[in-house]
Amino acid sequence: MKSKSFQVFSNGKQDMSCPQFLAVKRMTSGNPTKLQRDWCKELKALERLKDCRHPHIVRFVTGICLRNKDDADYYLIFEWADGGNLRNLWETNRMPRLSVSLVKEICEQLRGLAGALKTAHYLEDDGNSNIRHGDLKPSNILWFKTNDGIGTLKIADWGLAKENEGGTELRELRNHGTTALYGTKRYEAPEIGAPNRKETLYLDVQDNPRPVNTRSRLCDIWSMGCICLEFVIWLFYGYDGYHLFKIMFEEKEPLFQTGNSTTKIHPVAEKWIDHISRNPLCNNGTTALGKLVELIRNRLLVITLPPHKGNKMPSPLDLSSHDGPSLGPELTVTTTDPNPIHQGLTRILSTDFEAEMEKISETPPGMKEEDYWPINAPQTPLALPQELLQPPASIYGTQSVGGALNEPSQRLQAPVVVNVKKPFQSTIKDAD
């Protein structure tokens, strides 16, 4: 993707119906047929999302095809994000000052992103018309700066988006699984990248069970769990902590592992979540930060999927319609999640994700404000404890999707040096 910014004028006057600055995405591919197909597919998804006008979806302006004699150039035009992307936000503000206002803003932005996903996942109230993103990661969440606070985060780059008419299971019965390429390995869901996992759909064709590839909207939820975890790590330990977390994985290694016919959360991710959850600011899941960490652990980064793969649109957290393994006379699902914390829990739907973020963003009735947001004064990032500077013992001797982990990783053989006291002037203003 190549982007440039432009100011928009009409008849010599600034056009106020369009964003003042625009980003132009030029689509490139060595195959003209594929290029045209990809442009048309993304354009169709963007036009559907444009009608929704959601404040946390990057505004699409128009698509342009410039035909030459022998070929054509394809462009997509969007509003310009002056801050870059979410990773730029973390890197620019390497030492965020942990404060009540910052935590509230982060919860509000995650709530908005959850709402954006719900909008895309359920374009119609019956849930039968939907778009899944397919490549959610920090670089595809754009950062729009404001005069104070962290600004606004918006989901962008729907190039791998897949629009579906009709329910997920019916589509799988008809097409024997979707063929849309999924996104970056690091944020990839287990049902995409774990060939040996127990959670599989089986299509019975004349008494011949056959596994079906299951790519659904729930893949976006896993990706958001990865992003939320990295957001929390940055909030507690700054950009250096986030960087340390990243290098404890193999290149492109996802946040899950497979081995012995099971799939589980990667031990590194599990260790960091456990450590953060014990922080007094989380207070056993009773504070806003504690509830956010519990949501990540118990409802986002969860191996087990609900039956129907999110096809239904239930009322918030009313999963009674997903209360059994049967998906019809020919389609059944079996699930296994080795984490005992997740017994009886399945990965959350985007409707419930938004509802939970709404709850987290508001002080519960009967609870004191200072107890739910227990930060007495702005704090610099916490010093990284020794237990997080080394990988968990269980990381070795396990077969990973990213490769064998029988020997200690080369990236961790050298001493880990993290400078958590490096002075940086944050661009995030504290309002407390």
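Is it true that Ser10 is at pLDDT below 85 and exposed (fewer than 13 other Cβ atoms within 10 Å of the Cβ)? Show your work before the answer.
Details: at pLDDT below 85: yes; exposed (fewer than 13 other Cβ atoms within 10 Å of the Cβ): yes.
Considered against the rule, which asks whether it is at pLDDT below 85 and exposed (fewer than 13 other Cβ atoms within 10 Å of the Cβ), Ser10 comes out as yes.
Could you go through the range 85-98 and let me know if any residue there is in contact (Cβ under 8 Å) with a residue 24 or more places away in the chain, of a type in the set (Phe, Trp, Tyr) and surrounded by fewer than 18 Cβ atoms within 10 Å (Cβ to Cβ). Looking for residues that are in contact (Cβ under 8 Å) with a residue 24 or more places away in the chain, of a type in the set (Phe, Trp, Tyr) and surrounded by fewer than 18 Cβ atoms within 10 Å (Cβ to Cβ), one finds none in the range 85-98, hence no. Determine if the range 213-221 includes at least one residue that is more than 18 Å from His266 (Cα to Cα), surrounded by fewer than 19 Cβ atoms within 10 Å (Cβ to Cβ) and either aliphatic (A, V, I, L, M) or modelled with pLDDT under 95 (or both). Within the range 213-221 (the criterion being more than 18 Å from His266 (Cα to Cα), surrounded by fewer than 19 Cβ atoms within 10 Å (Cβ to Cβ) and either aliphatic (A, V, I, L, M) or modelled with pLDDT under 95 (or both)), the answer is yes, since at least one residue qualifies. State whether one or more residues within the range 245-260 are under 20 Å from the mean Cα position of the chain (by Cα), aromatic (Phe, Trp, Tyr) and part of a loop (DSSP other than H, G, I, E, B). Yes, because at least one residue in the range 245-260 is under 20 Å from the mean Cα position of the chain (by Cα), aromatic (Phe, Trp, Tyr) and part of a loop (DSSP other than H, G, I, E, B). For first residues located in the range 108-123 and outside the structural domain of His56 (by TED's automatic domain parsing), partners that are basic (Lys, Arg) and assigned to a helix (DSSP H, G or I) and lie 6+ apart or on another chain with Cβ distances below 7 Å form the pairs Leu123/Arg48. State all residues of the range 13-58 that are modelled with pLDDT of 90 or more and part of a loop (DSSP other than H, G, I, E, B); if no residue qualifies, say none. Arg53, His54, Pro55, His56, Val58, listed by residue number. The residues on offer are Thr258, Thr287, Thr262, Thr304, and the sole one that is assigned by TED's automatic domain parsing to the domain that holds Asp352 and under 19 Å from Arg186 (Cβ atoms) is Thr258. Ile141 falls short of the stated requirement of being in contact with a Lys or Arg (Cβ under 8 Å, 6 or more places away or on another chain), free of Cβ contacts under 8 Å to residues at least 60 places away in the same chain and of a type in the set (Val, Ile, Thr). Scanning the range 222-248 for residues that are of a type in the set (Val, Ile, Thr) and either over 24 Å from Tyr122 (Cα atoms) or at pLDDT below 95 (or both) yields Val232, Ile233, Ile247. Out of the residues in the range 95-121 that are of a type outside the set (S, T, N, Q) and touching a Gly at 6+ places or on another chain (Cβ under 9 Å), state the one that is nearest to Thr351 (Cα to Cα). Among residues in the range 95-121 that are of a type outside the set (S, T, N, Q) and touching a Gly at 6+ places or on another chain (Cβ under 9 Å), the one nearest to Thr351 (Cα to Cα) is His121.
Among the residues of the range 132-156, the one identified as among the acidic types (Asp, Glu) and out of contact with any Ser or Thr (no Cβ under 8 Å at 6 or more places or on another chain) is Asp148.
Quick one: which of Arg111, Arg87 is under 14 Å from the mean Cα position of the chain (by Cα) and under 21 Å from Glu188 (Cβ atoms)?
Numbers: Arg111 fails: under 21 Å from Glu188 (Cβ atoms).
After ruling out the rest, the residue left standing is Arg87.
The values are calculated or read from the model by the stated rules, or taken from the named source; none is laboratory data. These numbers were taken from a predicted model, which means no experiment stands behind them. Heads up, the Cβs are rebuilt from the backbone with ideal geometry, glycines too, and the neighbour counts pull from every protein chain shown.
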